[in-house]
C-alpha cells in the first residue's frame, strides 16, 4: 500500500473523545518498550509521526492515526512499565479494556512482542483477553533484525508454544530498521479494508 496521507487525528482517554465516524481501526498493543511508535513510522515511511521515546511508558493516551483516510492505527498505552504509579497503570488498563471491548470501529488487533525474548505474562494475558473478546489478531514480532535468520525457527516455535497457538501463521517477524515483514503486514491490512 502506498501511504499518501498520515496524521495524528486525536489523543483520547475516554469514548466521548474518540473520532465519531465509521472508519475501521487497527489497535496496536504491547509492552512499553516493544516499538509500537517505530512500527507505525516504518509502516508509513515517516520518521517522526509517532513519537518514539527513550523513556518507556510515555504513551498515556489512545492515539488515533488516520492512514490514507482508509483506516486508523490506534496506539494504546504500553503495559508493564514498572516506574509508573500503580494507580496510573490501573487507569490505563481500564482505558484499554474499555476501548478494546466497546469500540465498534475496531476490526483487528496487532499484538507487538519483542522477538528476542519469550512472551511475558502480560503478553500472554493480553493475547487471551483479545481472544475472549473474539477480535481478530496478529502478533508482530518486533526487532527481528536483532535475531540471526538461522535462529528464527527456534524463536517462532517458542512463541507458538508459550502463546498456545495452533501454528506459527499468526506470527509476523518485523524490523523497524530494515522494514522486513512490512509487505506481508500491508497485505493483511489491505485484505481487511477491502473485505
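Bear in mind that the values in this text are calculations on the coordinates, not laboratory data. Worth saying up front: this structure is predicted, and the values here are computed from it rather than measured. Positions of Cβ are backbone-derived with ideal geometry, glycine not excepted, and every protein chain shown enters the neighbour counts.
Nearest 500 deg cm²/dmol is fine: what mean residue ellipticity at 222 nm does the chain get from its DSSP H runs of n ≥ 4 alone, each adding -39,500 (n - 2.57), divided by its residue count? Mind dumping the intermediate values first?
Numbers: 5 runs with 61 residues, N = 195.
Counting only the DSSP helices, I get -10000 deg cm²/dmol.
Want the number for residue 102 to residue 17: 0.36 nm per residue separation, take away the alpha-carbon distance, what's left?
Using 0.36 nm per residue and subtracting the Cα-Cα distance, I get 29.2 nm.
Run through the DSSP bridge list for the chain and note the antiparallel percent, rounded to the nearest 5.
Approximately 35 percent, going by the DSSP bridge assignments.
Between residue 94 and residue 178, how high is the FRET efficiency from 1/(1 + (r/R0)^6) when r is the Cβ-Cβ distance and R₀ = 35 Å? Nearest 0.05.
With R0 = 35 Å, the Cβ-Cβ based efficiency is 0.40.
Between residue 122 and residue 3, what length comes free when the chain is fully extended (0.36 nm per residue of separation minus the Cα-Cα distance, one decimal in nm)? Mind dumping the intermediate values first?
Details: separation 119, 0.36 × 119 = 42.84 nm, distance 3.22 nm.
Between residue 122 and residue 3, full extension yields an extra 39.6 nm.
Pop a pseudo-label 7 angstrom from the Cα along the beta-carbon direction at both residue 146 and residue 194 and give the gap in nm to one decimal.
Result for the modelled spin labels: 3.5 nm.
Taking a temperature of 10 °C and a viscosity of 1.306 mPa s, what whole-number D in µm²/s does Stokes-Einstein yield for the chain with Rh from Kirkwood over alpha carbon pairs?
Calculated translational D: 94 µm²/s.
Under the definition of Cα pairs under 8 Å and six or more residues apart, what whole-number percent is the relative contact order of the chain? Don't skip to the answer; put the middle values down first.
Values: 313 pairs, mean separation 43.5, N = 195.
Worked out over the chain, it gives 22 percent.
What is region 116-171 by shape, rounded, prolate or oblate, if you read a ≥ b ≥ c off the alpha carbon gyration tensor as root eigenvalues and call it rounded for a/c under 1.5, prolate for a/b larger than b/c, and oblate otherwise?
prolate
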